[in-house]
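The structure appears right after this line, and notes come after that.
The values are calculated or read from the model by the stated rules, or taken from the named source; none is laboratory data. Just so we're clear, the structure is a prediction, and the values are computed from it rather than from any experiment. Here the Cβ positions follow ideal geometry from the backbone for every residue, glycine too, while neighbour counts run over all protein chains shown. Protein only, heavy atoms only, side chains kept; ligands, DNA and RNA dropped before computing areas. Shrake-Rupley method; radii C 1.70, N 1.55, O 1.52, S 1.80 Å.
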Amino acid sequence: MTSRTIASVAPGIRTFEGEGFAVRRAFPTSQLDSVDPFLLLDEMGPSDLSPGEAKGAPDHPHRGFETVTYLLAGRFEHRDSAGHAGSLGPGDVQWMTAGGGVVHSEMPGRDLVECGGRLHGFQLWVNLPARDKMIAPHYQEMAARKIPTGRSTDGLVFARVLAGEAFGQRAVIVTRTPILYLHLTLDAGANCEIPVPTEFGGFVFPFRGDLVAGIGAKSVAEGNVAILATGGDAIALSHPGTDDSAREALLVAGEPLREPVARYGPFVMNTSDEIRQAFRDYQSGKLGRILPEISPLDKE
Ligand code: MN
């Protein structure tokens, strides 16, 4: 394997999403617009919330891409205009293909709202190729226990394989275009090379402690995004060795779409005309609405 170098490192920023929950945004920022085919990465928390403090993202639309929610702590409930409803807990993944459009809500679980507690997770936006932008919405929900895990032969690197493949483990989630999405934990002394297909673009996002990445052993601070250079079929990652605490990072890579991107808020299309159409369709109700919950009593 030939390790890639790190092309550049961009700092994440602190901002707010939805009704006002704190996120660390890897991108888009003023320094980094996107990493084709990825449009956004937000880290929610980690926050220790007091009772009543948890906030979410009430009814809002999406069209033209996929939202991938990966929770490490807390609970999120989602509902959408296509009639899907679900609950996401620690380690669970929801891969939502918005396609032609959904209206959905992403709200903290009732326990988290009423009792408070820790919230930590990620939302990644994956762009869809032009041919798939208007497909029917689709959900994949994967309970934590169904996410394959692998370990390096020396035991020092642990991977949860959300998409793609690592340490001989293949993900169960199906992606529209080839994607690698790994949650990596590196113990002290860890030094590994993770295969990343040559044609993929991608990045490393350390979210607990700093990491050393790529040829030339570039130091990447927590909360920064290290962009993989082209050339090479792997990325070298190691624990910096300055202390014994484990490091955690996301490694995300995928086949670039190399298509024009027109994005505005919750819509990501190829042209500004398509964005205007998305707004018209949303305003005229074509993306649907979330129907009130039917209780078991109503069904009788
Ligand atoms: Mn959303």
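Annotation: of all residues in segment 27-62 being within 11 Å of the ligand (Cβ to nearest atom) and assigned to a strand (DSSP E or B), the one that is most open to solvent (accessible area, probe 1.4 Å) is D59.
Just to be sure, is S87 away from the ligand (no atom under 14 Å from the Cβ), in contact with a Phe, Trp or Tyr (Cβ under 9 Å, 6 or more places away or on another chain) and within 22 Å of L291 (Cβ to Cβ)? Outline the logic, then answer.
On the way: away from the ligand (no atom under 14 Å from the Cβ): yes; in contact with a Phe, Trp or Tyr (Cβ under 9 Å, 6 or more places away or on another chain): yes; within 22 Å of L291 (Cβ to Cβ): yes.
In short, yes.
Within segment 272-290, work out how many residues are among the small types (G, A, S), surrounded by fewer than 17 Cβ atoms within 10 Å (Cβ to Cβ) and part of a helix (DSSP H, G or I). The number of residues fulfilling the criteria is 1. What residue, among those in segment 126-140 that are at pLDDT 95 or above and not aliphatic (A, V, I, L, M), is surrounded by the fewest Cβ atoms within 10 Å (Cβ to Cβ)? Of everything passing the filter in segment 126-140, R131 is surrounded by the fewest Cβ atoms within 10 Å (Cβ to Cβ).
Out of the residues in segment 63-83 that are among the hydroxyl-bearing types (S, T, Y) and more than 10 Å from the ligand (Cβ to nearest atom), state the one that is least open to solvent (accessible area, probe 1.4 Å).
Step one: of segment 63-83, the residues among the hydroxyl-bearing types (S, T, Y) are 67, 69-70, 81.
Next cut, more than 10 Å from the ligand (Cβ to nearest atom) only: 70, 81.
On the way: Y70: 0, S81: 34 Å².
Checked segment 63-83; the qualifying residue least open to solvent (accessible area, probe 1.4 Å) is Y70.
Going through segment 148-172 one residue at a time, which ones are touching a residue at least 40 places away in the same chain (Cβ under 8 Å) and surrounded by fewer than 20 Cβ atoms within 10 Å (Cβ to Cβ)? The answer is S152, L156.
Scan segment 91-100 residue by residue and report those that are within 12 Å of the ligand (Cβ to nearest atom) and either open to solvent by 10 Å² or more (accessible area, probe 1.4 Å) or of a type in the set (A, V, I, L, M, F, W, C) (or both). Scanning segment 91-100 gives M96, A98.
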